[in-house]
Number of protein chains: 2
Amino acid sequence: MTTEVKPTSRERLLEAAATLTYRDGVGIGIEALCKAAGVSKRSMYQLFESKDELLAASLEQGIAAFVATLLPAADDGRSPRERILHVFEQVEAQAGAPEFRGCRYLAVQIELKDQSHPASRVAHRVKGNLTSFFRAEAERGGASDPVLLARQLSVVFDGASARAGIGADSLTGLIAPTVITLLDAAGMH
Amino acid sequence: MTTEVKPTSRERLLEAAATLTYRDGVGIGIEALCKAAGVSKRSMYQLFESKDELLAASLEQGIAAFVATLLPAADDGRSPRERILHVFEQVEAQAGAPEFRGCRYLAVQIELKDQSHPASRVAHRVKGNLTSFFRAEAERGGASDPVLLARQLSVVFDGASARAGIGADSLTGLIAPTVITLLDAAGMH
């Protein structure tokens with residue numbers, strides 16, 4: 001039994017860490033995480049060295065869903081411009097949900113304020129990969145300055161989703177026209 | 001003596017709250033705040049109802065510096081385009097400092113995840129005022145859609161400063177060309 005229970009406890013801890021830190025912040029206590037996961041603190045420390053490691057592992061596990069919900073399929077036959085717009089259409093759709101709090105990989109870095117924290121490192125890599133996706137599409141699409149365009153799109157991604165997450169703005173009629181303006185200015189038609 | 005000491009304790013608490021929450025986050029404990037301010041917990045609770053109120057008051061007090069360092073003087077004779085660019089030049093200059101962690105009024109809302117928190121309310125108002133500044137300048141400058149341009153500039157402000165704050169990017173060669181592209185697209189020359 002023990003060998004079967006352990007992976008389940010692990011999964012529940014990862015899920016609780018992902019859900020509660022997104023909703024309440026990285027300051028969420030170990031007690032609350034263990035309670036939500038239905039796992040004893042002792043079991044948690046058998047599975048993860050620390051809360052920091054649990055948080056990092058939960059962010060790592062979330063990457064697949066982040067990529068699947070945001071990025072287009074590798075060979076979907078659409079143009080680079082359409083593939084970039086796809087990402088922002090997805091963010092706009094996600095931002096409509098009442099539980100939306102912006103990009104978790106941005107938020108965790110802002111909250112931790114420590115670039116060397118294991119969770120910050122995971123988050124930093126995830127955001128770097130998104131910028132790399134933009135850059136690769138910008139290059140394929142013949143953008144005049146693919147590096148600049150990728151940086152600009154990353155700024156819009158983070159700024160718009162953060163603002164929607166705190167209720168400062170919605171993304172409707174905002175994110176698409178902004179991205180289109182930047183794509184047009186880069187000559188990416 | 002007591003009447004002279006009290007305002008000083010208040011000032012030191014506001015300063016400690018501003019500095020420590022910016023550096024370490026809103027999870028900073030009351031003990032740490034009081035220790036940094038050199039004020040007893042008892043004195044703190046005579047001055048502020050709660051840590052939440054202290055945080056809100058420290059954000060409120062920071063508004064004057066936020067406005068003074070970012071916004072141009074009311075009648076500086078420059079064009080609306082130049083006055084908008086001024087804000088982003090200031091952010092770019094601020095972001096060069098090693099202690100830069102992005103806009104405190106964005107960060108506190110992301111960290112608190114509670115729009116009804118007294119500190120979130122202050123921060124929400126401050127960011128709303130910045131968007132209003134952009135909108136007023138956009139209107140004066142004949143932007144094709146001043147509301148859209150103000151929202152876009154707010155996205156760039158928050159996205160760029162957040163990314164610089166977490167070390168994801170610098171603002172050099174990024175924020176100015178992005179803003180110029182948006183101003184040009186809005187016909188604000």
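Ranking A:68, A:175, A:150 by how far each Cα lies toward the positive end of the dipole of chain A (charges on Cβ) leaves A:68 at the top. What FRET efficiency comes out for the pair residue B:53/residue A:11, r = Cβ-Cβ distance, R0 = 30 Å, nearest 0.05? Once the sixth-power term is evaluated, E becomes 0.15. Kirkwood hydrodynamic radius of segment A:145-189, from the reciprocal of the average inverse Cα-Cα distance over all distinct pairs: 10.9 Å. Distance check, please: which entries in B:51/B:127; A:41/A:113; A:41/B:127; A:51/B:127 exceed 30 angstrom between their Cα atoms? Those over the limit are A:41/B:127; A:51/B:127.
Over chain A, all Cα pairs binned in 5 Å intervals from 0 give whole-percent P(r) values of 1, 8, 16, 17, 17, 14, 11, 8, 5, 3, 1, 0, 0, listed from short to long. Largest mean-square fluctuation among A:143, A:168, A:160, in a Gaussian network model of chain A whose springs join Cα atoms under 10 Å apart, belongs to A:168. What you get for the protein assembly as shown, charging only the Cβ of Lys and Arg (+1) and of Asp and Glu (-1), is a dipole of about 760 debye around the Cα centre. Among B:34, A:103, sorting on how many other beta-carbon atoms sit within 10 Å of each Cβ, with the fewest leading, yields B:34, A:103. Which residue fluctuates most in the GNM of chain B (Cα springs below 10 Å): B:154, B:132, B:40? So, out of B:154, B:132, B:40, the one fluctuating most is B:40. Rg and Dmax of the protein assembly as shown, both derived from C-alpha coordinates alone, stand at 22.1, 77 Å. Taking the charge dipole of segment B:1-48 about its Cα centre, with +1 at Lys and Arg Cβ atoms and -1 at Asp and Glu Cβ atoms, the residue from B:25, B:47, B:36 reaching farthest to the positive side is B:47. Arranged from fewest to most other beta-carbon atoms within 10 Å of their beta carbon, B:51, A:41 become A:41, B:51.
Put a dot 7 Å past the Cα of residue B:45, heading toward its Cβ, do the same for residue B:30, and the two dots end up 0.5 nm apart.
In a fully extended conformation the segment linking residue B:75 and residue B:19 would gain 17.0 nm over its present Cα-Cα distance, using 0.36 nm per residue.
Within chain B, the longest run free of exposed loop sites, counting GluC sites (Glu not before Pro) that sit outside DSSP helix and strand states (H, G, I, E, B) and have at most 16 other Cβ atoms within 10 Å, spans B:100-189. Segment B:1-48 has equivalent-ellipsoid semi-axes of 20, 10, 7 Å, by the square roots of 5 times the alpha carbon gyration tensor eigenvalues, sorted largest first.
No lab work stands behind these numbers, since they all come straight from the coordinates. Everything quoted here is computed from the prediction, not taken from an experiment. Counting neighbours? That spans all protein chains shown, and the Cβs are built from the backbone with ideal geometry, glycine included.
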